[in-house]
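*Asks:* The following block contains the structure, expressed as structure tokens.
The values are calculated or read from the model by the stated rules, or taken from the named source; none is laboratory data. Fair warning: this is a prediction, and the values are worked out from it, not measured in the lab. Methodologically, a virtual Cβ is constructed for each residue, glycine included, from the backbone with ideal geometry; neighbour enumeration extends over all protein chains shown. Protein only, heavy atoms only, side chains kept; ligands, DNA and RNA dropped before computing areas. Shrake-Rupley method; radii C 1.70, N 1.55, O 1.52, S 1.80 Å.
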Amino acid sequence: MSDDEHHGHDVHFESAESGASLTYPQQAGTVRKNGFLVIKGRPCKVSDVSTSKTGKHGHAKCHFVAIDIFSGKKYEDLTPSSHNCDIPHVNRQEYTLLDVGEDGFLSLMDESGNTKDDLGLPKGTDDADKLAAQIQSDFAEGKELVVTVLKAMGEEMINACKISAGSEK
Amino acid sequence: MDHIQQVLERACDQFAVPGFQKQAEAVLLEFRQSHQPFAACQHVLQHSTHQAAQFQAALTLREAGLREWEGLGPGGQQGLRQFLLSTLLRDSTPHGAIVQGALSGAFAVLLKRGWLAGNVAQQQAWLGDVEAIAASSQHLTIRSASIWLLEAVITEFNPATASAMGMPWASHEQCRSSLQATHLRRVALLVMTQARTSVVAALQGQDGGICRACMALLSVILSWDFRDPAHGLRMSPAVRPSDDLLQVKPGEAWRELLLAPDAFDWLTHLITTLGHPEHQQQLSQADSQCLASQSRNLLVRLCAVAGDIFPPKDGKQRASLGLQCQTAKDTYLARVLHPVLLCALPSQQSVQQASCGNQDPLLDACRAVAAAAPVHRANGFHRALPPGCGPQLPSGVLSSIAELTQQVLGTGGMGDDGGWASTATDLLLEAWSALLLEATMCGSPRDADLPEGVAEAAAGVFHALVLAALAEAGKGLDEDESEGEADAAAANPEANVSSVEEDRLAQAAAIGRTALEPCAGLLAGLIQQRLEALPRLAQSGQDASQAQEELCWLACMGAALVADAGDGETPLVPNAVADCCQAAAAAGRPDTIQALCQLLLQLLTLPLNPAASPCASPRLMEAAVAAAARLCGTYLMPSSELLGSLGHFFGSEGSGQQVVEGLLSSCQALLLRPEYTAEGALHKLVSGRLLRMLALCQPTATLLLHSPAYQGLAGGFAEQRHELMSLGESVLKRLAEALCLVAAAIPDFAESHGYTTSLLQSSAGAVERVSQLPAAEAGKADVTGQATILIQIWRGATQGMTAYSQTAMWALTQHLLQPLLSLQHIYRNHPRATCLLLKLAAGLVEAHISYLGPEDARQLFAWVLAALQQYARDGRRAHAGTVHSLNARLQEEANAEAEAELRALLRLLFNVTQRDLADFGTPAGQPGIDVAQMVFVGLDIVVPLMTTELLKFPALSVAYFQLLAHMLEVYPERVLTLPGHQATMLMNTLRFGLSSMSQDVLQASLEATAALARFHQLHTPPSSSTSAGARAALSTLLWALMQRMLEEPSGGDLVELAADAALPLILFCPEAFQTLGHDLVSSRNDKATESQLTASLMALSSSSTAISSNMDRPSRKAFRLSFSDFILVARSILQMR
């Protein structure tokens, strides 16, 4: 994949936040497995890195296999290891689930008591639908749920839920 | 019975049809596992003409015979063997070779089973009968069948080829030694006589296969694991492990049999006659090839004969035996090596034949040479077959082998395609390095002078090898370096060549060192040519990859030739090099070795030469760095002054300082030049190998400190300059380690303290700064990246700490403890950072724990405790099992991350226990350090997090159970005094471990159980308050242990470990044992098996009650035997349907 294709994709997202950069550049050679990486404008988690050389005496290049952290789609990228990649700032925060609205929007509260009501149930993929169903059924059973909200490049989504330690006992 | 036969035959037919395969397999399995299938099997074998059905019946007989051995009773056992024997040794046998083989195998297994049951005299009589038939039967087929039967018996009795019978190792060993003492030699004698008498008929195809059978049997005998009956274990140290595997050491008793002048004249006759074209007409081509290959095989085994069978070198003993030591050994070698070698001579012809597909004679000759080489060495070969000893060996055996090697190398032998040429090359190179070992080994006595002409032969071989390797290097240059290579490099980044290549290089070096001067000169010339060509190629813009690849190989070869790998030990100067340098100095001629070394180091300066730098590819530089590291490890600042101009070149009085300076400039260029940006593998080699090697060695480390280039590098690191910090975390970790190691070379303590402090102060400050950032800021990806780099730098620095720099490091570390706790909290949602922090904690504890005084140790322990509690409080991984994640793949990776964290935690806890080794008690009046409490608190945090998902990672469960075993062995008294839930939890995990299928986990759990049970048996009085609780807990362990041992297969060693655990358990909880026995017996509804089980249980319990309560060594040994008997019997009963 050419380098040009790799850059210049995040223009669309830049406007979403108040001026703060959504990504920062890092040398491809230092990106590790399980690290984050932007491929084709999507924030991804690297599931496999392999290095090789172009011909025996060429320079090293990295082959990434990565998974979109929101959609679960798989992406691949090949880039010289000395080139810079975009690394997304990924933020993970836990909220206690207060309510599941009829419109599918959730009411959440962080650890300092601030509420957040602009986030819906995960949707779009099978896994997301499964997770949404799980949240709904657990909530309906009266379990106290803690959800993890993943935020990167101006998007956010619930990506995991667990039953709060307090409610299990 | 006919019905069963029909069913079986039909199932066998259906088995070949894919659609019915499953169904047929079920029928066959059902038949094999059926109760008492003996009559049916015998019926099938007698009446069926269906080969596959006969084969199934034979296998079933074997399996059922073993399984139901005890139930058969003496009559049944005898009948079964009688049947097998009469079926096998019939005049006109209707069975094919495969059925015959299966029946022979069944007979052998049952014979061994009977042997183990203690009825040795009777079994020996059986074997004697077979021997008699083999010696004197009038019918050729019967004689041949009986020889094949003997072959099966000996194969079965050899522990290396024995079938698994669920017996402990000791039983197999008992059979081995008993057969070796009574039968083996007799059988060999018998079969050699048979072979001699049948060889003429065999050449006409009229021996009924006796000769082939004899040779097969002899080969099996020569693969026997001979051991001195007086010693259970071998005492003689082997030079290399592979020597021992190849060699067969029958001992003195076999001297007369194998070394007699006419012992193998029949074999020589056979192989030479088969080689003549006119004789081949009397036999079919297949028969003749089969005979020839079998006889060559036997000769290869004979070439491997070694040890006491040859008369000793000691003059007195030799005289008393009336033998000439060397003569006997040499004559023997000539006798066995000559015929097989002739099959591959003249070499040109045999290589041609091999290229046409007939490679076996050539390969067998190579095998024979490789087998004989470690036994006889070059001198033995030379004495046995000197120049002029025969028409085919005009210039002696060594030159012929050299010629053969050159021919094989010339046909692409250095490739790694696994074809015949590369196999032959491997064998021949191994043979050469063994032949020349005495002359080339470091530190070996120098009296082992090589025979005349060997040096020339070796130089010829080396020359051919270099040419072949260079030709090979030219292939596949434009292909990308494959993933496999990259993976191998990732597993051990400091190794730039694979271990297979390394082996070949070492063998080539052994050959080259025999004629060091010409070989080093050859390499130097080749390197020089290519070094001169590179700037030309770079200027003209031509592709230089051929020259680059050749230089890579030449660099590796050159370094291997003049310096040993060392592998963690201080490498010595090879004798050959020292001799060569001295000779050059004495004769006043230029030193070839020095020239080669200089050229190798010159490779590393390529990036500094503007004309050649475009050709200094990362791969070439990797090879150059590795070569330079190897050279410097051996020669830089040598302590001995014996090396003439080479010593001057590398020495501190000579140009050593310049060499170090040059190396450092190259290192700097390789780390910082933009053309090597992100070449991680190269950077790791530079920092992890070359710099580390320079830092480890005191004299070079001292030079480093005075080198401006080094000061620049260390200064840049101390100031955390951007160009260094962008090298990547794993490179920086290695760099930090190397830089910290240098502190040990500073003689003034205060100065050394200052060096370490200035090196690490700014990174300590950076850690503190990051730890004070607001969470949102610190959580940003770039800051997280910085933080992981800092943690890695501290991990590397901790690894590079020495006793000398510990005080300085601890002073810095103390200020770091609180910030690290903050980082742990900040990065609680960043798996990698958390994992690295835990690894750093484990590293800090490991490094400092044995140096710290009580006060500091308490501080460190308080910190560890705080880190553990923080980990628990942050809820990392809490309820990992109940998390529902968005993506299954991501969930899998989350599991892998969790496993890495827990493993780091366990490592931390394990390192904490190491305080026990350093702690000699605390002064009175001060609170002591409770290691056990700390570890149990840690386990309380770790165990709930270990979900079943995570226990699928073998490394994690092994680490946990090993820690548990350690704790239960050292602190058995503490476990049951732990709070209720915690003790229960540990006992539950132990029970889980006892049911594990992993050998390592099971072993650790058995050791833990044994330690705990032994403690309670010896120290808990039956009436004490803890007794009841302990008894309840241990009873469940006894159940779990018995269940595992009876239901699942396990090796002999584990049965012994289980016995050690079972003994104290049974003694401490006799009631539980009784209940268990009762349950076991009542689970069977069949009277016969019930009484058998009762009997073996009674035997076990009586042997345990007979044991004195202090469980001394002899009584434990006795119990082991009765326990393994019990397991064997009870398991076979429980497996019955």
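*Asks:* Using a 1.4 Å probe on protein heavy atoms only, how many Å² of accessible area do B and A hide from each other, summed over both chains and rounded to 100?
*Replies:* Between B and A, the summed buried area is about 3900 Å².
*Asks:* Next question. Please work out the average accessible area per residue across the protein assembly as shown, using the 1.4 Å probe convention, and give it in Å². Provide the component values of the computation, followed by the final result.
*Replies:* Working: 54950 Å² over 1306 residues.
I get 42 Å² per residue for the protein assembly as shown.
*Asks:* Which lysines, if any, have their Cα less than 27 Å from the Cα of B:Lys780, not counting same-chain residues under 8 positions apart?
*Replies:* Straight-distance partners of B:Lys780: A:Lys33, A:Lys40, A:Lys45, A:Lys61, A:Lys73, A:Lys74, A:Lys116, A:Lys123, A:Lys151, A:Lys162, B:Lys733, B:Lys839.
*Asks:* Express the Stokes-Einstein translational diffusion coefficient of the stretch B:1001-1137 in µm² s⁻¹, to the nearest whole number, given a Kirkwood radius over alpha-carbon pairs, 4 °C and a viscosity of 1.567 mPa s.
*Replies:* 85
*Asks:* Report relative contact order for chain A in percent, whole number only (criteria: Cα-Cα under 8 Å, sequence separation at least 6).
*Replies:* Value for chain A: 19 percent.
*Asks:* Still on this model: With contacts defined as alpha carbon pairs under 8 Å and 6 or more residues apart, what's the relative contact order of chain B in percent?
*Replies:* Once divided by the residue count of chain B, the mean separation gives 6 percent.
*Asks:* Quick one, can you get me the convex hull of the C-alpha atoms of chain B expressed as volume per residue in Å³?
*Replies:* So the per-residue hull volume is 238 Å³.
*Asks:* Just to check, using Stokes-Einstein with a Kirkwood Rh over alpha carbon pairs, what's the diffusion coefficient of the stretch A:23-147 at 37 °C and 0.692 mPa s in µm²/s? Walk me through the numbers on the way to the answer.
*Replies:* Working: Rh = 16.9 Å.
My calculation gives 194 µm²/s for D.
*Asks:* Using +1 at the C-beta of Lys and Arg and -1 at the C-beta of Asp and Glu, which of B:Leu599, B:Trp420, B:Ala213 has the Cα lying farthest in the positive direction of the dipole of the protein assembly as shown?
*Replies:* In the protein assembly as shown, that residue is B:Ala213.
*Asks:* Then there is this: With only Lys, Arg, Asp and Glu charged, each at its Cβ (+1 for the first two, -1 for the last two), find how big the charge dipole of chain B is about the Cα centre; round to the nearest 20 debye.
*Replies:* 2240
*Asks:* At most 15 other Cβ atoms within 10 Å and a DSSP loop assignment: could you name the GluC sites (Glu not before Pro) in the stretch A:21-105 that fit?
*Replies:* A:Glu102
*Asks:* Bins of 10 Å, beginning at zero and ending with the bin holding the largest distance: percent of Cα pairs per bin for the protein assembly as shown, please.
*Replies:* Values per bin, smallest distances first: 1, 7, 12, 15, 17, 18, 16, 10, 3, 1, 0.
*Asks:* Could I ask something else about it? Could you check how much of the accessible area of the stretch A:90-163 is carbon and sulfur, as a whole percent, using a 1.4 Å probe?
*Replies:* 43
*Asks:* Using Cα pairs under 8 angstrom and six or more residues apart, how large is the relative contact order of the stretch A:90-163, in percent?
*Replies:* Value for the stretch A:90-163: 32 percent.
*Asks:* Loop-only trypsin sites (Lys or Arg not before Pro) in the stretch B:71-131, please: DSSP not H, G, I, E or B, and at most 16 other Cβ atoms within 10 Å.
*Replies:* Details: sites: B:Arg81, B:Arg90, B:Lys112, B:Arg113; in loops: B:Arg90.
When the trypsin sites (Lys or Arg not before Pro) of the stretch B:71-131 are filtered for loop state and at most 16 Cβ neighbours within 10 Å, B:Arg90 remain.
*Asks:* What list of ³J(HN,Hα) couplings, whole Hz, do you get for the stretch B:1035-1043 from phi and the Karplus terms 6.51, -1.76, 1.60, once you set θ to phi - 60° and write x for glycine and proline?
*Replies:* So the Karplus estimates, Gly and Pro as x, are 4, 5, 5, 4, 4, 4, 5, 4, 4 Hz.
*Asks:* Between B:Gln285 and B:Thr161, how many nm apart are label points set 7 Å from Cα along the C-beta direction?
*Replies:* Result for the modelled spin labels: 3.0 nm.
*Asks:* Now a separate question. Leaving ligands, DNA and RNA out of it, work out the accessible area of B:Arg377 with a 1.4 Å probe and give it in Å² to the nearest 10.
*Replies:* Roughly 30 Å² of B:Arg377 is accessible to a 1.4 Å probe.
*Asks:* For the stretch A:90-163, how big is Rg over Rh, using alpha carbon atoms and the Kirkwood form of Rh? Please report the intermediate quantities before stating the final value.
*Replies:* Numbers: Rg = 11.4 Å, Rh = 12.3 Å.
Looking at the stretch A:90-163, the ratio lands at 0.93.
*Asks:* To continue, here is another question. Please compute the net charge surrounding B:Thr1026, taking Lys and Arg as +1 and Asp and Glu as -1 over other residues with Cβ under 12 Å from its Cβ.
*Replies:* +1
*Asks:* In chain B, carbon and sulfur make up what percent of the accessible area (probe 1.4 Å)?
*Replies:* Using a 1.4 Å probe with all protein chains present, chain B comes out at 54 percent carbon and sulfur.
*Asks:* Leaving out same-chain residues fewer than 8 places away, which lysines sit with a Cα under 16 Å from that of A:Lys56?
*Replies:* By straight Cα distance, A:Lys56 reaches B:Lys475.
*Asks:* Additional query: At a 1.4 Å probe, which residues in the stretch B:677-701 are at least 20 Å² less accessible with all protein chains present than in their chain isolated?
*Replies:* Buried by 20 Å² or more upon assembly, which counts only protein chains, are B:Thr677, B:Ala678, B:Glu679.
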